[in-house]
Amino acid sequence: MSHYQAIAHRIGSPGAVELGRRLSSWHDRMVAHERLARSSRQRCDDACPHAESIELWQGASEVLGEAAERLTFLKTTAANAEVSATRGETVEQRRPMAVGAR
């Protein structure tokens, strides 16, 4: 069971359990995407999991409440994707930013 699923199961609602499954799947895709991007300098496309992180973080915040704060990889990825989208950049054009950093 992934960290995401463990937190969701502690919440216990059907929505939380489904979200935990989605988050776990997203995490696996995101890690694979990051590895590929680092090794090949490949740019993001429309199927990139960076963009999905924004929606998933919003859902995690709503469904999981305070427990969502423990999902730091998701939170940081969503924050970076949101800043990049606002600036019209791809995520690869930005250096990773810690959540709360300016």
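The values are calculated or read from the model by the stated rules, or taken from the named source; none is laboratory data. Predicted model only: the values in this text are computed from it and were never measured. Positions of Cβ are generated from backbone atoms using ideal geometry, with glycine treated the same way; all protein chains shown enter the neighbour counts.
Here are the numbers for the structure shown:
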item: Filter result for E34 (among the charged types (D, E, K, R), assigned to a helix (DSSP H, G or I) and modelled with pLDDT under 95); result: yes
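Residue by residue, here is whether (1) exposed (fewer than 15 other Cβ atoms within 10 Å of the Cβ); (2) out of contact with any helix residue (DSSP H, G or I) (no Cβ under 8 Å at 6 or more places or on another chain); (3) of a type in the set (A, V, I, L, M, F, W, C); (4) touching a residue at least 40 places away in the same chain (Cβ under 8 Å) holds:
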{"residue": "H9", "(1), (2), (3), (4)": "yes, no, no, no"}
{"residue": "G12", "(1), (2), (3), (4)": "yes, yes, no, no"}
{"residue": "A16", "(1), (2), (3), (4)": "no, no, yes, yes"}
{"residue": "G20", "(1), (2), (3), (4)": "no, no, no, no"}
{"residue": "L23", "(1), (2), (3), (4)": "no, no, yes, yes"}
{"residue": "R29", "(1), (2), (3), (4)": "yes, no, no, no"}
{"residue": "S39", "(1), (2), (3), (4)": "yes, yes, no, no"}
{"residue": "R43", "(1), (2), (3), (4)": "yes, no, no, yes"}
{"residue": "P49", "(1), (2), (3), (4)": "no, no, no, no"}
